[in-house]
Structures are given as C-alpha cells and as structure tokens.
Amino acid sequence: MIGLGPRTETLLASVFALAGNGEVKVTAICDLQDERIAKILGILESHGAEKPAVYKNYRELIASPDVDAVLVPTSWNSHLPIACDAMRMGKYVGIEVGGAASVEELWQLVHASESTGVSCMMLENCCYGRNELLVLNMVRRGMFGELIHCACGYEHDLSEMACTIESGHERAIHNLRRNADLYPTHGLGPIAKILRINRGNRFLSLTSTASKARGFASFAEEKGWKGTQGNRVFNEGDVITTVIRCANGETITMTHSVSLPRPYSRDGRVQGTKGIWMEDTGGIYVHGISPCYEKLDVAGNPYLVHEWNKTSDFYEEYDHPIWKECRNNPVGGHGGMDSLALRAFFDAVRRRSVTPIDVYDCAAWMSVTCLSEQSIATGSMPVAFPDFTNGKWISRRPEIPSRWSLNEIYGECFPA
Ligand SMILES: NC(=O)c1ccc[n+]([C@@H]2O[C@H](COP(=O)([O-])OP(=O)(O)OC[C@H]3O[C@@H](n4cnc5c(N)ncnc54)[C@H](O)[C@@H]3O)[C@@H](O)[C@H]2O)c1
C-alpha cells in the first residue's frame, strides 16, 4: 500500500475482512510521512497482522519480489506517475479515485499498460454500489429500453477545506488553484459502464461551465478562520456543470459541487425509452411495471399519470447477483462496495487477467477533469475527448466472463 492517509484506514477495514478469508496479505507499506507509517503499523498490529516491510520511497516498494500488486491511495497528483512506474515493474496497480492533471499523463498511463501487458484499475467503489449494479442489471435486461440520457455528479459539502490550505491538504489546494470537475469518477464510472463506454461507445466531447465561487470563502468567514487563504475566493466554482456527448447519441450531464451546504448525492440518473432511475427521488419508473393510469382534467380530457416505484421495490428480483450474495452481510467500508471493488481487483491479479475497470476506463473517466478545466478556461467551448483506445472501442474483443465484470452479467459465473 503506497500512501497511508485516512483513506487507507478505511480500505484496511475491507482488507482485513478479505485477509480473514486468506485472500490477501499486506506485505509492504509506504508513505513520505513517519507519523502516517506509525499510525498504519499500529492498526495492522492491533489486528494481529504480520509486520509489513516499510518504505519511504515507493520505488523501493515496487521493486520488492514480495509485492504482487500495489494499492495507491495517495493524493491526486501522484496516482498516475506511481501507477506507470509500478506497471513497468510488472505490478498490478489499483489507483484511488481522482481526476487527471493533463491528457499527456493519461497517454503515459495507457502506454505503460499496453507496453507491459499489466493492468491498472481505478478502485472506483461506486461501480459496485448496490443501486448502480441494480440499474446495470435492469438495463442489460432491456427494462429501460434504449438509453437516451444520463446524469451523475459529486455533490458533497467539503467546505471545511477552506481551512486546510495552510496544512498542505492537496485536495484543498486543487480547489484553490483550479476550476474544473475535480472529482468525476464516483458518478461517471457506473454511468460509463452502463453506456458501454470504450466497448462500442465512447465519450466524444464535453462542455463545462463554472458558477461563481463563494462557498469556501463563506465557510471560512462563518468560522472566523484567520488563515492566509481561507477568506479568499477560491478558483473552483461552487457548481460546475458539464455536458458530455457520446458516440451513440446519449448525453450525460455532470455536476460537481463541494463548497455549498447540502446533503450528499452522486446525482445518478439513467433514462431510456422505457424507464428511468433517479437517485435523488429514490425512485425507478419502468413502463408497463410501475403505476401508470389515466385521469381526467377539469375539461374531461384524459391525461396520463406516471408514479415512481421505490428503488428498493426492485431489490428482491433484480439485485445484481453479487449483491444477492452479500446483501444480508456486506463487509468493509462504504456499505460493502469498498470490499467488492477490492475483491474484483485481487481476483484479476490472481488470474493475471484484465481488471474489470481497465486502463482505457481510467483514462476516459479521469480525462474529464483536465478537459472540463480547458472548456471552462475558454468560455465553455466544446472540447474533444482523445480516443485512448486508438479505435479499439469500435470493435472490442469480447472480455473473459467474470463475476466482477461491469460490462455484462455472466450467469455462468453465479452457479445457483
Ligand atoms: N473511493 C472512496 O470512496 C474514497 C474516499 C476517500 C478518499 N478517496 C481517495 O483516496 C485518496 C487518498 O485520500 P486521503 O484522504 O487518504 O488523502 P491524503 O492526502 O490525506 O493522504 C495521502 C497520503 O499519501 C501520502 N503520499 C503522497 N504522495 C506520496 C508518495 N509519492 N509516496 C508515498 N506516499 C505518498 C501522503 O503523505 C499522505 O499520507 C485520494 O485519491 C482520495 O480522492 C477515495
């Protein structure tokens, strides 16, 4: 494990659950800071884990023969250089979520994976969320008809970052200096899989627009924060709205908002010719299944009324088979989806197969950050997505069936 911040503490809860089954062992850890190393060693010891090798230079860790694969929960700017170096040492890489600084570093990632044959997976836990997999399952069964429009986002009040610049918090510094959809993948990852991006479909272009930026400054003022930056206007707009067009004609609207008070949401919406899921209503409407009836208006003319089902109404029958197995006893962080993403990664490592979120997915999803930055900087001009697959998306070789696939649901991988 390279990078031992708070995220690693959460990841360890899932790792311990899997270590109990003998699926995984932490053989080496690395951080630049002694106090982080000491904290994680303490957690490992309190769980009776064998003491791992300790490094401050990740290059030494990735050279170790005791390491089959590395998890990279460092802060954003270091994910991709570390991933490239690790793949060149033949190690599978699981990078934590985040966006890219440039298109160039994404090409380097793609080339590192293609030239070594080693996989890089973004550990996008939300792809294994119960509702996201439920909707994937229902879409693949045709219940939503032909897909037309999706939405997603990351709306999470993190305005306390206004007061963490001085402590060197990297995420806060990105919000201070940049103006972009900085955290696209929690929402976009599941939607991209549902839309078969990089397998017969791809992101073509985007436009992004930023609102004014007041949230961080307002929080700092409310707290009476006397830091050097907290009461400045941050560059990051409070609400960033991005519209993506896909090769097959679907549109995706994305919202990034981390500086205003509001309940958490990933804004999920998947809409087709026959059905719709909307995360924020907690509802699904499927034509022919959900309530739909005729009423008469005051003039006696008939009109149709459509009513939502609760999303949970569909769990019993349409939960993804992974969730049918674990729904009574999910383990690990974020309601169980962390450990599912990790198991998917470790399964590919063991079989030396391509990870279910592959390097092309990482590149396409992460590119939204630097492309939206470019669009905002040029007055919301459209920006074209690079085709990181170099044409493979047009007629992609079928994948090897796996229970962890996010493209298809392979019944044969779930024997009754
Ligand atoms: N998937 C999720 O649900 C989820 C939740 C929280 C955070 N995250 C992601 O996890 C990552 C880490 O989050 P965090 O809050 O722990 O971040 P953090 O910045 O607090 O901690 C990162 C750690 O990495 C270390 N580090 C940085 N560069 C390094 C290098 N070159 N070599 C070794 N160590 C290095 C830092 O010293 C620090 O201890 C981020 O990408 C974040 O977006 C994901």
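Against the empirical 2.2 N^0.38 Å scaling, what ratio does the C-alpha Rg of region 1-75 come to? Walk me through the numbers before you get to the answer.
On the way: Rg = 11.3 Å, N = 75, 2.2 N^0.38 = 11.3 Å.
For region 1-75, the normalised Cα radius of gyration comes out at 1.00.
Counting only C-alpha contacts under 8 Å and six or more residues apart, can you give the relative contact order of region 6-125 as a whole percent? Don't jump to the answer; show the numbers that get you there.
Numbers: 143 pairs, mean separation 23.2, N = 120.
The normalised contact order for region 6-125 reaches 19 percent.
Where the convex hull is taken over the Cα atoms of region 258-305, what is its projected area averaged over directions, in nm²? Show your work: numbers first, answer last.
Details: hull surface 22.2 nm².
Directional mean of the projected Cα hull area for region 258-305 stands at 5.5 nm².
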ask   = Check Ala28: other-chain or 5+ apart residues with amide H under 5 Å from its amide H, H built from backbone geometry?
value = Ala53
key: Orientation-averaged projected area, Cα convex hull of region 6-125 (nm²)   = 7.3 nm²
Estimated [θ] at 222 nm from DSSP helical runs (n ≥ 4, -39500 (n - 2.57)) normalised by residues in the chain, nearest 500 = -10000 deg cm²/dmol
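Can you put Trp308, Trp76 in order, fewest other beta carbons within 10 Å first?
Numbers: Trp308 16, Trp76 21.
Lowest to highest Cβ neighbour count: Trp308, Trp76.
Which of the peptides 141-151, 287-297, 348-358, 331-341 is most tightly packed, and how do the rest follow, judged by the mean count of other Cβ atoms within 10 Å per residue?
Working: 141-151: 17.0, 287-297: 10.9, 348-358: 18.8, 331-341: 21.5.
Per-residue Cβ counts within 10 Å, averaged per peptide and sorted highest first, yield 331-341, 348-358, 141-151, 287-297.
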Inverse mean reciprocal Cα-Cα distance (Kirkwood Rh) of region 60-111, Å = 11.3 Å
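So which of Lys193/Lys392; Lys274/Lys295; Lys25/Lys193; Lys51/Lys324; Lys274/Lys392 end up more than 24 Å apart by C-alpha?
Values: Lys193/Lys392 16 Å; Lys274/Lys295 21 Å; Lys25/Lys193 30 Å; Lys51/Lys324 36 Å; Lys274/Lys392 30 Å.
Checking Cα-Cα distances, Lys25/Lys193; Lys51/Lys324; Lys274/Lys392 exceed 24 Å.
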ask   = How large is the Kirkwood hydrodynamic radius of region 124-215, in angstrom, based on all distinct alpha carbon pairs?
value = 15.7 Å
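With a 10 Å Cβ neighbour count serving as the proxy for reagent exposure, in which order, fewest first, do Arg178, Arg266 appear?
Details: Arg178 20, Arg266 23.
Fewest-to-most ranking of Arg178, Arg266: Arg178, Arg266.
Please give me, ordered by residue number, the GluC sites (Glu not before Pro) of region 301-330 that lie in loop per DSSP and have at most 15 other Cβ atoms within 10 Å. Don't skip to the answer; put the middle values down first.
Working: sites: Glu307, Glu316, Glu317, Glu325; in loops: Glu307.
For GluC sites (Glu not before Pro) across region 301-330 that sit outside H, G, I, E and B with at most 15 neighbouring Cβ atoms in 10 Å, the list reads Glu307.
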Ratio of the Cα radius of gyration of the chain to 2.2 N^0.38 Å, where N counts its residues = 1.01
task = Subtracting the Cα-Cα distance from 0.36 nm times the residue separation, let me have the gained length for Leu296 to Trp308 in nm, one decimal.
result = 2.3 nm
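Listed highest first by mean packing, meaning other Cβ atoms within 10 Å per residue, what order do 101-114, 394-407, 3-16 come in?
3-16, 101-114, 394-407
Quick note: the coordinates plus some simple rules give every number you see, no bench work behind them. Keep in mind that this is a model prediction, so the values were computed, not measured. Cβ: placed from backbone, ideal geometry, glycine included. Neighbour counts: every protein chain shown.
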